[in-house]
Each structure stands twice: as C-alpha cells, then as structure tokens.
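To start, the structure itself, in structure tokens.
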Amino acid sequence: MNRHLVTLICITLPVVLLVIAAELIDDRLLTRLATTLCINMILVLGLQIFTGNSGILSFAHIGFMGIGAYTSAVITMPARLKSMALPELYPIMQGVQLDPLVGMAIGGVVAALVAAIVAYPLMRLSDAAAVITSFALLMILHTIMVHWSEVTNGPRTLFGIVEATTLQLAAAAAVVAAIGAYWFKESRVGILLRAVRNDEVAAAAIGAHIPLLRWRAYVLSAFYAGIGGALWAHFITSFSPNAFYLRETFVILGMLVIGGPATVSGAVFGVFSVTAVFEGLRALEKAINAADLFSSTVVGLTEIILALVMLIVLILRPGGIIERNEFGTLARWPFMKKQNSSRGE
Amino acid sequence: MLVVENLVVRYGPVAAVKGIDLAVGENEMVSLLGANGAGKSTTLLAIAGAIRPHSGRILFDGADITGMKAEKAVAAGIAMVPETRDVFADLTVRENLLLGGFIHRRRRAACEQEMESLMTMFPVLRERMHQPGGTLSGGEQQQLVIARAMMARPRLLLLDEPSLGLAPLIVNHIFELIERLRRTGIAILLVEQNATKALQAADRAYVMSLGTIAMSGTGAEVAGSSDLESIYLGRSG
Amino acid sequence: MDVGTILQFTLDVLNLGSLYALMALGLVVIYGILKLVNFAYGELVMVAGYTLYLLNGSPLPWLIMALVAVCMAVIGGITTDLVAFRPVRANSLTAMLITSFAFSTLLQNAALLFISPRARNVPLPEIFTQSVTMLGVIIPVRNLITIASAFILLGAFTLVMKRTVLGMALRAAASNFTMARMVGIPANFIITVAFAISGLFAGVVAMLWLGRIGAVVPGIGLEPLLVAFIACVIGGMRSLVGAVVGGYLLALIDVSFNYALPPDLLSFRDAFTFTMVIVILLLRPSGLIKGPDTGKRT
C-alpha cells in the first residue's frame, strides 16, 4: 500500500464514518451538523488548493462561494416562487427552473468562469499586493451582491430556495473534493506551484510560467467555492449577502490555518477539529443563554475562542497542526517501513 | 578583540560558512578575501548580528555575542557597512549621519561634535549635507555609509566590499579613508574581492573558499603565496 | 454653479478628506515598516469609541474623556503589536496577516460579548451639533473641527518625523529595516512606536467619526479600515505623504460621485472604488506617490 493511498483513505474515511454515524443515530441536529461540516470541508479544500499550493492568501474565496450560491439558487427556483422572492428578476430568467443538481454544477462553473476572467491579470502579483487585491475583490463581489437586487434581492434575505442538499450528497461531494485536492497537489501543476512558493526565481528559471500556474489553481479553487456555495444554498434555503463576507471568510480561513494550509490532510483535520470545538462552544453558548446566567445573551464567545486558537497555533506552529507531511507519510505504518527505508530518505 | 570559533552559518539546507576560525586584534586591520560565494559577506553579517549562526561562537572582548541582535551588536561596539551600501535614500545626509549615532542620541552635543570631525575627514558629505542620501553618487554613498557607521563610535568596523562598483580613482580614495580611520585607533575587518588593494592595506589576511578558510597569514605572506590564484578560482582541492 | 455650491463642495471634500487622510496615515505607518496590512486597525477606532461610551455619565469634561479614549486606542495599538505581531514576526508575512485578522475578530467579538451587539450612544459636546451659516451654506461646526484637527495633527506629525531622531528612525526603518537595525535602531522598539502612532491616529479618527455618527457598534471599525486601505493604495502604500494625498483624493472622488451619480448607480460606488484599487495595483503598484527608494544597489 503506498503513501498516496494511505493519505486518500485518511482524508476520506472520516467523512464516510461521519455519514454512517449520522445515519445510525438519526438525529436531525447531528445530520445538519454533519452536512455543514461536509460543505465547509469543500470550501476549505478549495482555499487550500490555491493558498496552500501557491502560498498566497486569498480573501476573495468566499465571494466565489456567494456566486455559486446565488447562481444555483436563482436558476433552480420554481417559477411561482420567483415572482415573490425575486420580484425584480429579469423576465428572461423567470421561466428558468433547472434540476438542483444541474443548478449546483452550473453554480460551480459560473464561479470558476468569473474567477478565470477577473483573476488572470491579478496572478502576477505576490505578497502584500496580492492580498490587497484579493481583499478588494471580496469587497467588490460583496457590493455587487448587496446591490444587484434583480438577481440577489439586494441586501434582503433571499428565500424560497429549493431544498436539495442531503447529507449523502454533501458527503459524496466532500469525498470527491478531497481526492481532487490531493490529486491537484500531486499533479505537475501542483508540484510546480509549490516549487514557486519556495523559490520564485528558481522556478521561473526552470521555465514555470508562474501566473499561469497560479491561475489554474485559482480557477479550480473558485470552482470548489462555487460548488460549496451552491450546496450550502440548497441546504440552508434562505440567506442574505452578509453570509458571504468577513465572518465566513474568518471561519474558513481559521479552519485551514489551524489544520495546516500546505497539506490536504491539514485542511481536512482543520475542518473536523474546528467544527468540533465550534459546535461545543455553540452548545455552551446556548446552555448559558438558556440558564439565564447573565442579564444579556451571550454572543461572540465562539469567535473569540477560534481567534485565540488561531493566534496560539500561528505562534507555536506557524505552518498549522499538520505542517508538511500528509497522513500517508506522517504515520509510521508498520507495513510501510520497508518502503520508506528502500526510498533511502 | 574579536574571536570567531568554528562558525557555521546555514541558509536552509545550504551551509554558506562551514566552521571557520578567525581573530581580529586591537587596532588591527584584517582582510577577508575570497571569490564570489565563498562566504565572506555571510561571515560578516553573522558577526554583525544580522543573521543568526547555526553553530560556533563569536566572542567580542571575551564576551559571547553569538546570535546577538544587530542593534545590540552596535551598542557593544561593532558597526557594519554592508555590501549593499544601504543609505537611507529619502533621508538627508545629515539625517543619515544622525541616525548613525542613534545609540548616543541622548548626548546630542557629542553627536554633533562627532559629525563635525567626520565632516573634516569626508568633506564631500558637508557639501551634500541637506541632500537626500539617494541622490548621491556611488562613491559618495560609500563614504556616507562609512561615516554613518563611524557615528556609532565603534571599536570594530566591519566593511563589506567598499570598492564594489566604484571607479579605480574613487577606490583609491576610499582605501585612503579606511587607512585614516584605522589611525583613529579602531580595528577593521575588511571583506574584499579586490585582493591587491586589500592585502596592501591589511596587517593580516584570511582567504576563504567555499565556506572554509583556505589560507591565512600576514598581508605580505598571503600576497606572496602562489596558491592565492588557485584558491580564488576554487581549485584549492 | 454658484459660490455657495463650490464652498459646500470644497468643505465636503476637505472634511471627508481630513478624516480619510488620518485613517490612511494610521494604516500606512505600520505598512511602511512591516509591509503588513493591519486588519485590526479598525478595531482601534472601536476601542476608542467604546471607551468614550463607558465614560458616559462620568463627571469628567468631554475633552478629558476624549483624551482617555485616544489613549486607550494607543494602548490598543501597542497591545496589537505585542499580542498579534511580535510573536509571529519571524514567520511569514501571511502569518502576520492572519494573526491581525484573528485579533480584529477577537476584539470585535469581545465588544459583542461584553458590551452589546446594539449601537451605543456616546457623549458628545454641544458644539458637535451646532452649525454656522456662511454664504448661505449651513456648515456643521464638527466639520470645521475635523478639518482643523487634521491640519494640526498632520502638521505636528510632520514636525516629529522631520525633526526628531525618533521620527528619522521611523523613516529609516520604513526605508530599510535591516539597515536600520544595523545602525543600532532597536526593531521591537521602533515597531511598537509605530503601533502607538497608529493607535493615536485611530483614536483621533474615532472621536471625529463619532462626532458624525453619534454611536458606536462592534463593527464600527470596518469602514475606517476600508477607507484607509483604498486611500493608501491610491496614494502609495509606502509613502506617508502618499497616504495623506490618497485620503484627500479619495474624498474628492467620493464626494464627486455623490454629487454626480444617479442614486441607483451610487449604490455601486464601493465597487467602483475597489475596482480602482485593483487597477492601480496592477498598473502602478507603488501608487501615485512613490515611496522611499530602498537605496539598495544589489
């Protein structure tokens, strides 16, 4: 059994186990939680594909999630609901009502297309300029979502979205996403990108076209975000543009950073561990509020703890908890010893 | 005064300096020679505290200063003139010099006096006093950087390639200035590629090759050695 | 266009520009030295705002309350450095960006948790609600206060940067940090000073900003951060003069849009300005005013 296979099993098995557990326990809350986790996993993996391989932080990711969510929501909405939920919608789109699965796929593609067009010129920027432009891009996408009321219902909540995301669907997508992210990392483009991250000059010298490499990762990353957003839209069924803004960015970024952006294993680990902590805290917040211990309701505790954990992880382990090695090379499996020694490392 | 023992400096997996020993005595002028990439500048930066050595010891007046921060090294009496000739480009010549005396900033009068005496030694700086450092010519910038380092009133001056990219006439002038500085009683560790010049000026010299010391001796000894050329060309075996 | 309109327009630009310029300076003081966008900058404005709110009802005169609030922003700035930056400075730039983002979230949610998600009114002196009439134009006194405070602060800041050794050291550190250390300027100290200055600007901005909006909410810091951000990019992220110019220029653009654009397009104004940010970064990465040359030869 080689290390790739071990890694793939390690990053997909938790999802499968989660689904089985949810099916066995059959608790509505647990099912919802597991579905959210799977969707977050797709979003985090999407960010990992770009940030993890290129080393460039991207803030715009959640904006692409929004594109996917709105696209799929609008094109799958039943016509009779459209006149209420989106009174200003362009007439040409009023009759459109696609199957949710088709809608989600289109959501991902549209997000990827938008990314492909706007991002190409940005890919030659590095460091601070790259971060600033990605932040500006998030602001632009957010402004458009808030004000393009024909399609998004403006800053108001868009409701009446078809409920189509089941736990099985989200989990299947998460498994595919994990395999895809790992495949990308180990592909030629992924390997070159990581080489660029370590030494831009040297990578350019061996003929790596840096902007083009980054662009490919970016488009794939936006596709993930779009799919994740579409799945989320058909799961939550009503949302406003504020769902795709700094708070969500912070959560997704937090999961990736804590887990370890450079590895797919780290991304998956980050999603599971942060979700566990998050839900624990959320429950605590609820319990405190239910017990009426304080005069006012407790809000924000969860975010405070997540922020503190992020700070501590970055100070103690700047590369995240799983810094460099994927599960496959991380674990010293008894049956792999031979291989390791024979590789002479 | 300065003793370096078994110094190793690594850039990631690459060792640029592989365990060297060297020493500089009071008021001594020592040259550190070698080809490009031999590890001379790295050695100097490690002494100045700009990069952290991997292992080995650096002693200054008997005190262990290994891995000391750059700003602490200045306070200890070591001033560095880097190869990159880093004037603060948008600060005037006067401001550059004042900052050279940053560690003595509480004694403003003494700083002004020091600046005055340096101006006598570097008259061109007086003419350029209120011009931004970035507008100076290469030779003038080199003088400014040396004068700025002297403002800290160091006991050991580290000079990295002061002749780099300068016309021969100006190089001669810079070396004259270095000689005069030395007569003020400080010790100088000079890194140079211009071996002839550096050996003429130095009491002693070390020749580095691929991160190790390949040869050492008095300036005349090293200059007279037949191996010098082959070491430079990296054929030291 | 009559004289009144011109006066109105000019004062609008000057008023908004003064605020923007101060916001931008606070951000660029840090960026110049660390090459880092401090996402927690807006929260310093928030800290000052909540300090003022908590002092509500105290017998102190308003100016003293404002002074305390500004001091809290300065302390907040120094804390940002100690908590979010110093421990990770040796790591990557990305790490610093994320910690600043995390620290920003931390402060905002602390305000949510310990104070309230709802807006809280802050005490303001009478003068902030008064206005004078000039050439038939009604001018709120707070606008004049804003303009005057900005000019005084900018003047004082220029003097400090030009005349004092500390100011020179700050400029040197922005120009070439490694070399600054090699002449004996202590890195930690100079960065902490930069954060304190950043806090000072944030504090003053908070007082003037609150004078306009009258209440503080946990998310109050976002707008100043974004404005500072855009102004810096326009003017040039590495230059202090650029930040000020960028601030006034952004105000000119914003006010012109307000006067000229129809309302349904006006709502997309932010999208326009952020697109401009991206275009400027692509075509002229150093902004309109070039920052200090690093002076490096190799």
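The values are calculated or read from the model by the stated rules, or taken from the named source; none is laboratory data. Just so it is clear, the model here is predicted, and its values are computed rather than measured. All Cβ positions, even for glycine, are placed from backbone atoms using ideal geometry, and neighbour counts span all protein chains on display.
Of the residues B:Met80, B:Met29, which single one is within 17 Å of the chain's Cα centre (by Cα), in contact (Cβ under 8 Å) with a residue 40 or more places away in the chain and within 14 Å of another protein chain (Cβ to nearest Cβ)?
After applying the criteria, what remains is B:Met80.
Looking at region C:168-196 only, could you name the residues that are in contact with a Leu (Cβ under 8 Å, 6 or more places away or on another chain) and either under 20 Å from C:Cys71 (Cα atoms) or part of a loop (DSSP other than H, G, I, E, B) (or both)?
Of everything in region C:168-196, those that are in contact with a Leu (Cβ under 8 Å, 6 or more places away or on another chain) and either under 20 Å from C:Cys71 (Cα atoms) or part of a loop (DSSP other than H, G, I, E, B) (or both) turn out to be C:Val183, C:Ile185, C:Ile190, C:Ile191, C:Thr192, C:Val193, C:Ala194.
Select, from B:Leu189, B:Leu169, the only residue that is over 19 Å from B:Cys111 (Cα atoms) and surrounded by fewer than 16 Cβ atoms within 10 Å (Cβ to Cβ).
B:Leu169
Of B:Phe88, B:Phe60, which residue is in contact (Cβ under 8 Å) with a residue 24 or more places away in the chain, farther than 25 Å from B:Thr196 by Cα and touching an Asp or Glu at 6+ places or on another chain (Cβ under 8 Å)?
Only one candidate qualifies: B:Phe88.
Has region C:142-150 got any residue that is part of a loop (DSSP other than H, G, I, E, B) and of a type outside the set (A, V, I, L, M)?
no
Across region C:198-219, what is the total count of residues that are within 14 Å of chain A (Cβ to nearest Cβ) and not in a loop (DSSP other than H, G, I, E, B)?
Residues that pass the stated criteria total 2.
Take A:Arg247 and decide whether it is more than 10 Å from chain C (Cβ to nearest Cβ) and basic (Lys, Arg).
Judged against the criteria, A:Arg247 is not a match.
I'd like to check something: does region C:248-257 contain any residue that is more than 11 Å from the chain's Cα centre (by Cα) and assigned to a loop (DSSP other than H, G, I, E, B)?
no
Of all residues in region C:258-273, which are of a type outside the set (Ser, Thr, Tyr) and in a helix (DSSP H, G or I)?
C:Asn258, C:Ala260, C:Pro263, C:Asp264, C:Leu265, C:Leu266, C:Arg269, C:Asp270, C:Ala271, C:Phe272
Taking the stated definitions as given, is B:Gly138 modelled with pLDDT under 90 and either buried (at least 19 other Cβ atoms within 10 Å of the Cβ) or at the interface with another protein chain (Cβ under 8 Å from one of its Cβ atoms) (or both)?
yes
Among the listed residues C:Ser58, C:Ser92, identify the single one that is within 14 Å of chain A (Cβ to nearest Cβ) and at negative phi.
C:Ser92
Enumerate the pairs (first residue in region C:274-285 and part of a helix (DSSP H, G or I); second residue anywhere and surrounded by fewer than 21 Cβ atoms within 10 Å (Cβ to Cβ)) with beta-carbon separation below 7 Å, excluding pairs fewer than 6 apart on the same chain, so at least 6 apart or on different chains.
These pairs meet every condition: C:Leu281/A:Leu125; C:Leu281/A:Ala129; C:Leu282/A:Pro121.
Kindly check whether there is at least one residue in region C:173-195 that is within 14 Å of the chain's Cα centre (by Cα) and modelled with pLDDT of 85 or more.
There is at least one residue in region C:173-195 that is within 14 Å of the chain's Cα centre (by Cα) and modelled with pLDDT of 85 or more.
Could you please let me know if B:Ala152 is aliphatic (A, V, I, L, M) and surrounded by fewer than 23 Cβ atoms within 10 Å (Cβ to Cβ)?
Answer is no for this residue.
Considering only residues of region A:139-158 that are polar (S, T, N, Q) and more than 11 Å from chain C (Cβ to nearest Cβ), which is surrounded by the fewest Cβ atoms within 10 Å (Cβ to Cβ)?
A:Thr157
Would you confirm, using the coordinates I've provided, whether C:Val47 is part of a helix (DSSP H, G or I) and not charged (D, E, K, R)?
Yes; evaluated as a whole, the condition is true for this residue.
When you go through A:Thr249, A:Thr297 one by one, which is the residue that is among the β-branched types (Val, Ile, Thr), within 23 Å of C:Ala111 (Cβ to Cβ) and under 21 Å from the mean Cα position of the chain (by Cα)?
A:Thr249
Considering (1) at the interface with chain A (Cβ under 8 Å from one of its Cβ atoms); (2) surrounded by fewer than 17 Cβ atoms within 10 Å (Cβ to Cβ); (3) not hydrophobic (A, V, I, L, M, F, W, C), say which one C:Gly136 fails and leave the rest.
Exception for C:Gly136: condition (1).
So which residues in region A:20-57 are of a type in the set (Asp, Glu) and outside any helix (DSSP H, G or I), if there are any at all?
Residues satisfying the conditions are A:Asp26, A:Asp27.
Can we say A:Gly254 is surrounded by 24 or more Cβ atoms within 10 Å (Cβ to Cβ) and under 29 Å from C:Ser92 (Cα atoms)?
Yes.
Any residue in region C:4-20 that is farther than 19 Å from C:Leu226 by Cβ sitting within a Cβ distance under 6 Å of a residue that is of a type in the set (Gly, Ala, Ser) and at pLDDT below 90? List the pairs, counting only those 6 or more apart or interchain.
Partner pairs satisfying both residue conditions: C:Gly4/C:Gly136.
When the residues of region B:120-135 are narrowed to those that are part of a helix (DSSP H, G or I), more than 14 Å from chain C (Cβ to nearest Cβ) and touching a residue at least 12 places away in the same chain (Cβ under 8 Å), which ends up nearest to B:Gly185 (Cα to Cα)?
B:Met121
Which one of C:Ala40, C:Ala110 is within 11 Å of chain A (Cβ to nearest Cβ), surrounded by fewer than 23 Cβ atoms within 10 Å (Cβ to Cβ) and at pLDDT 90 or above?
None of the other options fit; the residue is C:Ala110.
Any idea which residue in region B:35-81 is surrounded by the fewest Cβ atoms within 10 Å (Cβ to Cβ), counting only those that are within 15 Å of B:Leu156 (Cα to Cα) and of a type in the set (D, E, K, R)?
B:Asp61
Among (1) within 22 Å of the chain's Cα centre (by Cα); (2) within 27 Å of C:Val279 (Cβ to Cβ); (3) crowded, with 20+ Cβ neighbours inside 10 Å, where does A:Pro100 come up short?
Just one mismatch for A:Pro100, condition (2).
Filter region B:172-220 down to residues that are among the polar types (S, T, N, Q), within 27 Å of B:Thr120 (Cα to Cα) and part of a helix (DSSP H, G or I) and give me whichever is modelled with the lowest pLDDT.
Ranking the qualifying residues of region B:172-220, first place goes to B:Gln200.
Residues that are touching a residue at least 60 places away in the same chain (Cβ under 8 Å), closer than 30 Å to A:His4 by Cα, crowded, with 17+ Cβ neighbours inside 10 Å and within 14 Å of another protein chain (Cβ to nearest Cβ): does region A:268-289 have at least one?
Checked region A:268-289: at least one residue is touching a residue at least 60 places away in the same chain (Cβ under 8 Å), closer than 30 Å to A:His4 by Cα, crowded, with 17+ Cβ neighbours inside 10 Å and within 14 Å of another protein chain (Cβ to nearest Cβ).
Considering only residues of region A:65-105 that are of a type outside the set (D, E, K, R) and touching a Ser or Thr at 6+ places or on another chain (Cβ under 6 Å), which is farthest from A:Gly46 (Cα to Cα)?
Step by step, filter region A:65-105, then rank; the result is A:Leu98.
Could you list, in sequence order, the residues of region B:83-119 that are away from chain C (no Cβ under 11 Å) and not hydroxyl-bearing (Ser, Thr, Tyr)?
B:Val93, B:Arg107, B:Ala109, B:Ala110, B:Glu112, B:Gln113, B:Glu114, B:Met115, B:Glu116, B:Leu118, B:Met119
Determine whether region C:232-239 contains at least one residue that is on the phi > 0 side of the Ramachandran plot and either of a type in the set (Gly, Ala, Ser) or buried (at least 24 other Cβ atoms within 10 Å of the Cβ) (or both).
yes
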